[in-house]
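To start, the structure itself, in structure tokens.
The values are calculated or read from the model by the stated rules, or taken from the named source; none is laboratory data. Values in this document were obtained by computation on a predicted structure and should not be read as measured data. Cβ sites come from the backbone with ideal geometry, for glycine too, and all protein chains shown count toward neighbours. These area figures cover heavy atoms from the full protein model, side chains too; ligands, DNA and RNA do not enter into them. Shrake-Rupley method; radii C 1.70, N 1.55, O 1.52, S 1.80 Å.
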Amino acid sequence: MEWKVYFEDNPGCHRPHRGRPGQEVSCGAHSAWGGQHFIIPAIYLCGKGLVVDICRRVEREAIEAHYQKLAAYEGMDIDECPPEVVELAEAEDPFGSFDYLPSAAINGKTVEYSRGAGEYYNPLRSKEEIVCSGEQAARDIVKHYGLDPEQGWDLRQWSFPWATKHRPAHITSLTLTFTQREQPAEAVQFTAAPGKVVEFAHPVTGVPCVLTVKDLKPARLPEHEHFGPPMEWPQEMVQMEYTLTPAVTTGWVQVNDCAPSDKPIRKIDAPSKDGSTAIIGGTDGPTAIFVSGKQQGDTRTACSSLHFAPVEPENIRWKATYYQKQFPDETIALL
């Protein structure tokens, strides 16, 4: 099929569009930032903005080694795996463990991306697996740019709106800056009680840090409904308020429960109602609420995992995780 790229569309997508496709400009730029091999094969000049394709090579040997580590858990439900195994698998996944955000400077004006989309190309997948997983678009991208099909590829497409009202008549300079997303650096586990002090050190700077528990009490999630099949959801939790001294100035800290939430239960005969939910989860996966590490002035709030039965606050084992950038930003000249 004819290769076309549109502003804020999925990479490798060939759906009909009313507008004009972007004008392709070859770049062939390379970078070895963060120990990773990046290729920016082309950019696209569209009516609404600039589209940049970024291809990060994922070494075949790294993918094979990761598969070997997970072989012992093949066929096992994710809820049956020890939490530390799941965390290690996510942390060492050669495709998803390295994450970044780009910004572009067009004619000296910096613009942030308005949309990013991506595909993974895994050379170890068979043709049947590719069809079932919907990864044909990734194969199209690899073929279009002439990338090595024996290696893995993290393929991302980023859309940057023009800094001016209309597309600039001339682009005299264009640079792309990579910023690494913060990665988990170290986790410290502890139990909590009102007034308890937990001391630990920043894993990068070595600066001592003190976590002081201000309050610890049972709480209950408000009644809610979940879209889809009628479900009964765990609602009992423990809420902790705490402070960090001194304030973390590099990276950030997240505090959450070490234990997973109870799985929701399908209610076959329960009536369905319209409503909304404050819970993210599914019938075959853990449930979580997104208030962990919420900051309110100098006091932060963390909530435990969700359970059907009340849990004694002192029995919760918490985990404080540092998130830190490992590499400085990298700027690449494209034009």
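Yes or no: the stretch 305-313 includes at least one residue that is of a type in the set (A, V, I, L, M, F, W, C), modelled with pLDDT of 90 or more and either farther than 21 Å from ALA219 by Cβ or open to solvent by 20 Å² or more (accessible area, probe 1.4 Å) (or both). I'd like the intermediate steps shown before the answer.
Filtering the stretch 305-313 down to residues of a type in the set (A, V, I, L, M, F, W, C) leaves 306, 308-309, 311.
Those left that are additionally modelled with pLDDT of 90 or more: 306, 308-309.
Still in the running and either farther than 21 Å from ALA219 by Cβ or open to solvent by 20 Å² or more (accessible area, probe 1.4 Å) (or both): 308-309.
Yes, the stretch 305-313 contains at least one residue that is of a type in the set (A, V, I, L, M, F, W, C), modelled with pLDDT of 90 or more and either farther than 21 Å from ALA219 by Cβ or open to solvent by 20 Å² or more (accessible area, probe 1.4 Å) (or both).
Going by the structure shown, is SER133 modelled with pLDDT under 95, of a type in the set (S, T, N, Q) and within 22 Å of ASP93 (Cβ to Cβ)? Steps first, answer last, please.
Details: modelled with pLDDT under 95: yes; of a type in the set (S, T, N, Q): yes; within 22 Å of ASP93 (Cβ to Cβ): yes.
Taking the combined requirement at face value, the residue satisfies it.
Give PHE327, PHE290 a once-over and let me know the one that is of a type in the set (Phe, Trp, Tyr), modelled with pLDDT of 85 or more and within 21 Å of the chain's Cα centre (by Cα).
On the way: PHE290 fails: modelled with pLDDT of 85 or more.
Just a single option satisfies the conditions, and that option is PHE327.
Sort out which residues of the stretch 162-177 are out of contact with any Pro (no Cβ under 8 Å at 6 or more places or on another chain) and open to solvent by less than 50 Å² (accessible area, probe 1.4 Å), and write them in order of number.
Correct list: PRO168, ILE171, SER173, LEU174, THR175.
I want to confirm something. Restricting to the stretch 163-177 and keeping residues that are assigned to a loop (DSSP other than H, G, I, E, B) and of a type outside the set (Val, Ile, Thr), which single residue is nearest to ILE106 (Cα to Cα)? Step through it out loud before you land on a result.
Going through the stretch 163-177, the residues assigned to a loop (DSSP other than H, G, I, E, B) turn out to be 163-173.
Now drop any that are not of a type outside the set (Val, Ile, Thr), which leaves 163, 165-170, 173.
Values: ALA163: 8, LYS165: 13, HIS166: 13, ARG167: 11, PRO168: 9, ALA169: 12, HIS170: 10, SER173: 6 Å.
Checked the stretch 163-177; the qualifying residue nearest to ILE106 (Cα to Cα) is SER173.
If TRP153 meets every condition in (1) at pLDDT below 95; (2) buried (at least 18 other Cβ atoms within 10 Å of the Cβ); (3) of a type in the set (A, V, I, L, M, F, W, C) apart from one, which number is that one?
Failed condition: (1).
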